[in-house]
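One structure is given below, encoded as structure tokens.
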Amino acid sequence: MVRRFKFDFFSKHSIPDWQCPSCGRATLELVENSFTTFRTARAQQHYDANEGFSPEDDENVFTCILVCRQKNCRQPVSLTGDGFYEEDYSGRSLTYASVYRPRYFYPPLTLFTPCDDYPDKIKVQLKELSAQLPGHPNAAINVLRTTLEIILDYFNIPRTGKNDRYLSLDNRISSIPESNEYIKRGFMAMKWLGNTGSHNLREVSKEDIASACFMLDDFLLQIFRKPNDHEATIARLTKNHDPSSKDQ
Ligand SMILES: [Zn+2]
């Protein structure tokens, strides 16, 4: 579900196919007359000074409402962010087109595969992660680290060791049994990403964050989603179609 996030610039006339927080479908539409922009103080001061002000120097903040177009849903979402002008060479002469960058959705978009089998603590983490990802990716990386700690609780890996001292995330991940070696390596890789993000060692690429979230989504389903129980179907088909059971 999270192979690619769509938090880049958009225009009012081409809303990305963001997924509805309520029904999970990509059917959010802009309520046209809800879109409001205000020029930032910095751009206004530059504009008032009027020294070679061009649209490229302009910037604003925007707010708008999206609504799910599914008749049985109609979930509203408020969206805020910042806006700029970019050069547009599509016509005969140079013009400028308004572009907007989403920073915060409320309620947060559906970015991870919904699963009723997840413990409430995991559901809360995924909501928090989804809230932070558009505007604060580094904060999202910290939430990702906390999510790993919570998943390790469900592996019954203790948070403290000798003398009640807290174990590092690295130590806890090392305690994942070898039978889950693939998940263990994945968790360690996400921990490294978390280190880079939380210590501001260097900028973390959007691609690294998106692929880590995709891996987390997959691992969570593998760990927590209960397989469908088909016993009743087996019994019904056997009763109705197994010749030997008809004889009885
Ligand atoms: Zn919906």
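Of all residues being assigned to a strand (DSSP E or B) and either in contact with a Leu (Cβ under 9 Å, 6 or more places away or on another chain) or not assigned by TED's automatic domain parsing to the domain that holds Ala26 (or both) in region 73-99, which is farthest from the ligand (Cβ to nearest atom)? Just the residue, please. It would help to see each step written out before you state the result.
Step one: list which residues in region 73-99 are assigned to a strand (DSSP E or B), which gives 76-88, 95-99.
Filter again for either in contact with a Leu (Cβ under 9 Å, 6 or more places away or on another chain) or not assigned by TED's automatic domain parsing to the domain that holds Ala26 (or both), leaving 76-79, 87-88.
On the way: Pro76: 10, Val77: 9, Ser78: 15, Leu79: 15, Glu87: 36, Asp88: 33 Å.
Among those that are assigned to a strand (DSSP E or B) and either in contact with a Leu (Cβ under 9 Å, 6 or more places away or on another chain) or not assigned by TED's automatic domain parsing to the domain that holds Ala26 (or both), it is Glu87.
Any residue in region 223-237 that is in a helix (DSSP H, G or I), surrounded by 17 or more Cβ atoms within 10 Å (Cβ to Cβ) and not hydroxyl-bearing (Ser, Thr, Tyr)? No, there is no match, as no residue in region 223-237 is in a helix (DSSP H, G or I), surrounded by 17 or more Cβ atoms within 10 Å (Cβ to Cβ) and not hydroxyl-bearing (Ser, Thr, Tyr). In region 132-158, the residues that are closer than 17 Å to Phe5 by Cα form Cβ pairs under 6 Å with partners that are among the aromatic types (Phe, Trp, Tyr) and surrounded by fewer than 16 Cβ atoms within 10 Å (Cβ to Cβ), at six or more places apart or across chains, as follows: Gly135/Tyr104. The residue that is farthest from the ligand (Cβ to nearest atom), among those in region 51-72 that are surrounded by 13 or more Cβ atoms within 10 Å (Cβ to Cβ) and under 25 Å from Leu94 (Cα atoms), is Phe53. It is to be established whether one or more residues within region 176-188 are touching a helix residue (DSSP H, G or I) at 6+ places or on another chain (Cβ under 9 Å), assigned to a loop (DSSP other than H, G, I, E, B) and either over 16 Å from Phe224 (Cα atoms) or not aromatic (Phe, Trp, Tyr) (or both). Yes, region 176-188 contains a residue that is touching a helix residue (DSSP H, G or I) at 6+ places or on another chain (Cβ under 9 Å), assigned to a loop (DSSP other than H, G, I, E, B) and either over 16 Å from Phe224 (Cα atoms) or not aromatic (Phe, Trp, Tyr) (or both). Taking the numbered list (1) among the small types (Gly, Ala, Ser); (2) within 16 Å of the ligand (Cβ to nearest atom); (3) assigned to a helix (DSSP H, G or I) in turn, Ala43 passes all entries but (2).
Each row is one residue, and each column tells you yes or no for (1) in contact with a helix residue (DSSP H, G or I) (Cβ under 7 Å, 6 or more places away or on another chain); (2) under 21 Å from Lys206 (Cα atoms); (3) surrounded by 15 or more Cβ atoms within 10 Å (Cβ to Cβ); (4) β-branched (Val, Ile, Thr).
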| position | (1), (2), (3), (4) |
| --- | --- |
| Asp17 | no, yes, no, no |
| Ala49 | no, no, no, no |
| Pro76 | no, no, yes, no |
| Glu86 | no, no, no, no |
| Ser98 | no, no, yes, no |
| Phe105 | no, yes, yes, no |
| Pro134 | no, yes, yes, no |
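Val204 passes every criterion in (1) assigned to a loop (DSSP other than H, G, I, E, B); (2) modelled with pLDDT of 90 or more apart from (2).
The values are calculated or read from the model by the stated rules, or taken from the named source; none is laboratory data. Computed from a prediction, not measured in an experiment: that's the story for all the values here. All Cβ positions, glycine included, derive from the backbone under ideal geometry; neighbour counts span all protein chains shown.
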